[in-house]
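> Before I ask anything, here is the structure I am working with.
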Amino acid sequence: MAIEYSGAGFGAELPSPATLLRAFREPVGSDRHDRDVLESAHELVQCHEGRHRALELAHAPTATPDDVASCTHLIDKIDARRAALVARIDDWVAANIPHRAGASLHTETLGAVIDRMAAKWVVAQQALVSTDQEPLRATTIPDGGVKPADVGSKAADGRGRRRPVAHRISEDRPRRGVDTEAHLQWYRLAELADGYKDLITEVAQHRRRLPTW
């Protein structure tokens, strides 16, 4: 990794929080210099969607031992793919992000940070789907009627109502637990996005460096 920092401004070398969150939702263009990071971020969301669904199926009341074993095997494959995507992001950081010698070392690699944000994005989306489809939850979730691909398509098709402001608890009707959960998960995602913004700002200002192990 180069250690002489040459970044010119805020987050000059790293994707902004808005760009990263957009990549979670939709594929990125092929002409970006940070394409490896954003493509990996997009696929990490797909991995966490598949992982979430496999866990639901494994814990369903009707799951058989064979179902549990199959889901466990699938989760192992998904986690291996996640590790490869995290490594791809960290390799890009090592090759493209200069750091000042002596800057404080962050506790996580950029790949690990983005993987954690992708996981929270999926949880927030699932909470929103549960809010929108609450009358159907008893039939669509336990018996396997909702697939990860279905959840992903809902996020892509409904971008206009996927903003945190749309998920605040209404003051003019009773507060239901599912609404509270959706609000909480979007709030936590916003906190992670703020933390990511602080991190890339500190990297741009020569005050922090990213590990690449």
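> Please name all residue pairs, on different chains or six or more residues apart, with Cβ atoms under 6 Å, provided the first residue is in segment 192-213 and is in contact (Cβ under 8 Å) with a residue 12 or more places away in the chain and the second residue is assigned to a helix (DSSP H, G or I) and surrounded by fewer than 18 Cβ atoms within 10 Å (Cβ to Cβ).
208/202; 212/94
> For residue 128, state whether it is in contact with a helix residue (DSSP H, G or I) (Cβ under 8 Å, 6 or more places away or on another chain) and at pLDDT below 95.
yes
> Okay, moving on. Given the conditions (1) modelled with pLDDT of 95 or more; (2) part of a loop (DSSP other than H, G, I, E, B), which single one is not true for residue 47?
(2)
Listed here are the residues, each with its yes/no results for (1) surrounded by 15 or more Cβ atoms within 10 Å (Cβ to Cβ); (2) among the polar types (S, T, N, Q); (3) modelled with pLDDT of 90 or more.
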residue	(1), (2), (3)
18	no, no, yes
22	yes, no, yes
30	no, yes, no
41	yes, no, yes
56	yes, no, yes
77	no, no, yes
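Rundown of residues vs (1) closer than 24 Å to residue 53 by Cβ; (2) polar (S, T, N, Q); (3) open to solvent by less than 20 Å² (accessible area, probe 1.4 Å), yes/no style:
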position	(1), (2), (3)
84	yes, no, no
97	no, no, yes
100	no, no, no
106	no, no, no
112	yes, no, no
127	yes, no, yes
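> Moving on. Exactly one of these conditions fails for residue 136: (1) more than 18 Å from the chain's Cα centre (by Cα); (2) assigned to a helix (DSSP H, G or I); (3) of a type outside the set (Asp, Glu); (4) modelled with pLDDT of 50 or more. Give me its number.
So residue 136 meets the others, but not (4).
> Of everything in segment 50-69, what is more than 20 Å from the chain's Cα centre (by Cα) and not in a loop (DSSP other than H, G, I, E, B)? Give them in sequence order.
57, 58, 65, 66, 67, 68, 69
The values are calculated or read from the model by the stated rules, or taken from the named source; none is laboratory data. None of these values were measured; they are calculated from a predicted model. Heads up, the Cβs are rebuilt from the backbone with ideal geometry, glycines too, and the neighbour counts pull from every protein chain shown. Note: areas computed on protein heavy atoms with side chains; ligands, DNA, RNA excluded. Shrake-Rupley method; radii C 1.70, N 1.55, O 1.52, S 1.80 Å.
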